[in-house]
Ligand SMILES: NC(=O)c1ccc[n+]([C@@H]2O[C@H](COP(=O)([O-])OP(=O)(O)OC[C@H]3O[C@@H](n4cnc5c(N)ncnc54)[C@H](OP(=O)(O)O)[C@@H]3O)[C@@H](O)[C@H]2O)c1
């Protein structure tokens with residue numbers, strides 16, 4: 001019988017021949033918005049054609065007035081159930097998933113696939129979907145050791161989170177930074193130290209490190225500053241031309257108005273439109289989901 005994720009069965013340790021209560025159209029019905037194809041056979045994790053970095057998918061939900069959170073960053077349930085499930089299917093396709101520390105502290109996300117249907121009644125395999133590796137950009141190691149990502153890891157229901165931080169320039173801050181690093185390591189996190197400028201991790205350094213760690217695809221889920229950084233940063237191609245570091249964008253537009261006090265991503269997407277090829281637009285419940293591919297040539 002076909003699994004719900006044909007190219008992922010081995011990754012997650014599903015034994016050969018295990019019957020899975022699958023209807024591959026459930027899978028493709030949710031992933032074709034991204035792949036543009038209705039075939040379940042050719043679904044695999046996306047891979048970048050640039051050898052130095054993983055494939056990058058930027059995804060977020062916004063209101064019709066382009067806000068991703070409420071006043072003061074209040075977390076909003078913008079996505080309806082159907083588009084939330086679609087997002088969880090797309091998560092299963094990616095090796096890693098990223099949020100900024102602003103989102104990690106504000107929303108305490110789990111970044112897992114808990115909204116997907118049980119795949120089998122075989123004990124131990126009911127929900128054995130591929131989980132993307134949680135990664136967090138957190139220069140100053142502000143992540144709380146009690147966060148859900150670390151709790152899930154300890155409980156065996158989530159993968160070990162990887163934190164990307166940068167050593168403080170001021171020697172006086174170093175002792176406290178080391179103490180926070182040790183506390184996070186004790187709580188289960190793996191901490192990678194990379195370059196940062198003005199409090200922002202170098203995205204090129206981050207992506208290169210992920211690639212050396214075997215990550216082929218990254219799903220970037222926000223928040224506002226992370227979206228801005230990924231849309232703005234480029235990397236020089238072989239001919240020196242500036243190439244976007246994002247390959248695909250998935251935007252979920254919910255039929256809601258948040259108002260001027262809400263948080264936007266404050267990045268003029270219209271300047272990017274010339275560089276974007278539209279893949280597909282589809283309704284998921286009451287939400288409109290649009291997928292685009294950057295023209296990287
Ligand atoms: N609607 C959606 O789809 C969605 C999804 C996710 C989040 N959100 C919302 O977004 C809001 C959080 O957004 P936010 O802007 O405050 O935080 P964020 O984008 O999640 O995180 C930003 C922080 O990450 C760190 N960082 C390190 N390197 C960075 C880099 N290269 N570029 C950007 N940031 C970098 C910086 O903090 P340090 O210097 O301390 O490291 C920065 O302040 C919340 O309200 C949340 O609910 C919405």
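The values are calculated or read from the model by the stated rules, or taken from the named source; none is laboratory data. Quick caveat, the model's predicted, so the values are computed rather than measured. Cβ: placed from backbone, ideal geometry, glycine included. Neighbour counts: every protein chain shown.
Would you pick out the residues in the stretch 180-194 that are under 13 Å from residue 168 (Cβ atoms) and either in contact with a strand residue (DSSP E or B) (Cβ under 7 Å, 6 or more places away or on another chain) or not in a helix (DSSP H, G or I) (or both)? Selection gives 181, 193. Restricting attention to the stretch 262-280, the residues that are more than 15 Å from residue 78 (Cβ to Cβ) and part of a loop (DSSP other than H, G, I, E, B) total 4.
Candidates in the stretch 169-191 are the residues that are within 17 Å of residue 206 (Cα to Cα) and surrounded by 17 or more Cβ atoms within 10 Å (Cβ to Cβ); of these, the one that is nearest to the ligand (Cβ to nearest atom) is 191. Considering the conditions (1) in contact (Cβ under 8 Å) with a residue 40 or more places away in the chain; (2) not in a loop (DSSP other than H, G, I, E, B), residue 158 is excluded by exactly one of them, (2).
Residues in the stretch 124-152 that are assigned to a helix (DSSP H, G or I), out of contact with any strand residue (DSSP E or B) (no Cβ under 6 Å at 6 or more places or on another chain) and either under 22 Å from residue 206 (Cα atoms) or without any contact (Cβ under 8 Å) to a residue 12 or more places away in the chain (or both): 150, 151. Among the residues of the stretch 84-118, those that are over 15 Å from residue 130 (Cα atoms) and either part of a strand (DSSP E or B) or away from the ligand (no atom under 16 Å from the Cβ) (or both) comprise 98, 99, 100. When residue 222 is tested against (1) near the ligand (Cβ under 10 Å from one of its atoms); (2) at pLDDT 95 or above, exactly one condition is not met: (2).
If a residue must be buried (at least 19 other Cβ atoms within 10 Å of the Cβ) and within 20 Å of residue 224 (Cβ to Cβ), how many such residues does the stretch 86-106 contain?
The first filter runs over the stretch 86-106 and keeps only residues buried (at least 19 other Cβ atoms within 10 Å of the Cβ), leaving 86-87, 89-104.
Still in the list and also within 20 Å of residue 224 (Cβ to Cβ): 87, 97-104.
Number satisfying all stated conditions: 9.
If you take the residues of the stretch 246-266 that are touching a helix residue (DSSP H, G or I) at 6+ places or on another chain (Cβ under 6 Å) and buried (at least 16 other Cβ atoms within 10 Å of the Cβ), which of them is modelled with the lowest pLDDT? My answer is 265. Taking each residue of the stretch 169-188 that is closer than 11 Å to residue 140 by Cβ and looking for partners that are in a loop (DSSP other than H, G, I, E, B) with beta-carbon atoms closer than 8 Å, six or more apart or interchain, yields 177/140; 177/141; 177/167; 177/168; 180/140; 180/141; 180/142; 181/141. Here residue 185 meets the list (1) modelled with pLDDT of 95 or more; (2) under 17 Å from the mean Cα position of the chain (by Cα) almost entirely, failing just condition (2). Contact map, the stretch 205-229: first residue in contact (Cβ under 8 Å) with a residue 60 or more places away in the chain, second residue assigned to a helix (DSSP H, G or I) and within 14 Å of the ligand (Cβ to nearest atom), Cβ cut-off under 6 Å, separation 6 or more or different chains; pairs are 220/230; 222/103; 223/102; 223/103.
Sub-6 Å Cβ pairs linking a first residue in the stretch 106-123 that is within 25 Å of residue 137 (Cβ to Cβ) to a second residue that is within 16 Å of the ligand (Cβ to nearest atom) and part of a loop (DSSP other than H, G, I, E, B), at least 6 apart or interchain, are 107/75; 108/147, ordered by first then second residue.
Considered as a group, the residues in the stretch 56-66 that are surrounded by 21 or more Cβ atoms within 10 Å (Cβ to Cβ) and more than 8 Å from the ligand (Cβ to nearest atom) include one that is nearest to residue 244 (Cα to Cα), and that residue is 56.
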